[in-house]
């Protein structure tokens, strides 16, 4: 590969001052556009995988280099660059979501800048300068503007966890720019420096997300088509020397896939490799249609899809394959006459290869267009420039085209802005998905979970029922999760038999589902079968030994088995993992009371009440403890609050049976005299 040394091709007629002003205008314009389109994205909330990848990720909240290297590099090469960015956010502001959104916004802005620089530099290449030099700046700026305001990218920018995609994309665009800089550098030392930057960017991109593995392929095509020219001699020469590096890359790729969490195992999914390969051409055309016509009604977090089981089922399968083959064939046939068009078409498909081929991952996600869409928008802008040239003498049409460009940018930005508002609430995200993809189970499952957290068990059961009816899950784990959640709602509705049936079905689908075993443990506790409950929760802990909630539940079971020493150990372990584990605080508080360590018991009960202020049993426990420590004023405050909760009548509460979901046993013989005495002192009549 030889360096291009034709400086005159890149010299501009205007002064350095004018050039600087152009760059300042471009960067400022892109920033203003992004503020208009994504300014409200900073108000977004945590959704979906954010909980697992950030909020529940111990590496983020308790970072140490040994743990990080073991978990994200040695044990499983798991996108370490992005994880480090989450750690940085946490160090700067904890779980303040504003900083995470600001980081995503900055990454998207930097990506837009490098797209502008890359496209601008490309249009000034010797092979393209004659045709595009006069419009190079406009093409670059319009491409970056259309790309950065596209509503299709909302799930990359506003959905925090998809920083995997945005950060990989940013480094991808940087790598392309540095490569062009190296190929067009004036000196050998400058070229080497740019190639080093290119290599570093490529490495960072790959360690952000694996689809950046296509950067070398993209760079090769770019060099062949746009710099050296796709002559037979060049292709023949490349084939001779490319066989060994390509073989090496193939072997490395296979080893990577089979050792880092991406084995070619379809057993967990509801589709086969054949069905995935047949379905993806239709998905690719869906992506193109969304980029071309990104109406809010067509965009959603979770898209429904119909699997292709053969070339003719559905019939659009063969049409999609023929369209894609036709586009690829056209790009190959015009590589010499229209190298830029050929490169753009191939760029789009090449950068969909990893996530749209044999790897067993979900079928469709909008965020997969973040990098590939660059070439789509280059082609759109090239068409606009052609229209400018064609109608430049017809002023009315010319200004109509200008008006259309302004309208399209405003419309895109407005759609993006409005779509960001969905992310103000996780409930809105899943309501939107459930309305647009009613045939999918996951939106209904997640919506049911949110209703359950809100205490609306009736709506939770209704949405869970829709999830069961749809019966369309991305994988077995998702179905097991849906059935387990349904069983929890049925437990709350006292339908224990149905709950037990569903949780057993969930475990038959996915025997290694930790929360399935935990739900079974809860059911066994309600059936007063503590031995079975202990077995189930132990199995859950084997699968997730660092889950504080499971340790807390195990402590509760051990307490009711009378194994107080073990219960105390489990409770303290749960609080070490997460000091907000409520079950553990209850267990420790009651054990302290039994050991007559009343001061410590009061501290733990009060701490527990911070998360469950209306827990009647906990309030009764404190009333008894304050009585024992002669703190009658505190006891009266708690009693007043309890009377307000129970509308002045404590008879039903004091008559309640004791259950295994709590540790404080209500003893009317002990409590009634205490309450009577307190009421007497307060000047009220005991009823």
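Residues 404, 334, arranged from fewest to most other Cβ atoms within 10 angstrom of their Cβ, appear as 404, 334. Ellipticity at 222 nm from helices only: DSSP H runs of n ≥ 4 in the chain, each -39500 (n - 2.57), divided by the residue count, give -22000 deg cm²/dmol. How far is helix 496-509 tilted off the main Cα axis of the chain, in degrees rounded to 10, range 0 to 90? Helix 496-509 sits at roughly 40 degrees to that axis.
Put simply, the Cα atoms of segment 438-545 extend 41, 28, 22 Å along their principal axes, the longest span coming first. Normalised by the number of residues in the chain, the average gap of Cα pairs under 8 Å and 6 or more apart makes the relative contact order 11 percent. For segment 573-687, dividing the convex hull volume of the Cα atoms by the residue count gives 99 Å³ per residue.
The long axis of helix 530-543 is offset from the longest Cα principal axis of the chain by roughly 20 degrees.
Rounded to the nearest angstrom and listed largest first, the equivalent-ellipsoid semi-axes of segment 162-241 from its Cα gyration tensor are 24, 17, 9.
Here the spin labels are modelled as points 7 Å beyond Cα on the Cα-Cβ line, and at residue 400 and residue 131 they lie 2.6 nm apart.
If you model segment 396-492 as an ellipsoid using its alpha carbon gyration tensor, with each semi-axis the square root of five times an eigenvalue, the axes come out at 40, 14, 9 Å, biggest first. Helix 426-436 axis versus longest C-alpha principal axis of the chain: approximately 60°, rounded to the nearest ten.
Listed from fewest to most Cβ neighbours within 10 Å, the set 208, 437, 127, 310 follows the order 310, 127, 437, 208.
Here the contact order of segment 573-687, divided by its residue count and restricted to Cα pairs under 8 Å and six or more residues apart, works out to 20 percent.
In this label model, residue 361 and residue 459 are separated by 3.3 nm, measuring between points 7 Å along each Cα→Cβ vector.
Averaging the sequence gap over all C-alpha pairs within less than 8 Å and six or more residues apart, then dividing by the number of residues, gives segment 571-639 a relative contact order of 22 percent.
Kindly state, to the nearest 0.05, the FRET efficiency for residue 270 paired with residue 73, given R0 = 30 Å and r defined as their beta-carbon distance.
Working: r = 32 Å, r/R0 = 1.07.
FRET efficiency, residue 270 to residue 73: 0.40.
Volume per residue of the convex hull around the Cα atoms, evaluated for the chain, comes out as 199 Å³.
Listed from fewest to most Cβ neighbours within 10 Å, the set 163, 528, 638 follows the order 528, 638, 163.
Since every read-out is calculated from the coordinates, none of them should be taken as a lab result. Quick caveat: nothing in here was measured; it's all calculated off a predicted structure. Note: ideal-geometry Cβ built from the backbone for every residue, glycine included; neighbour counts use all protein chains shown.
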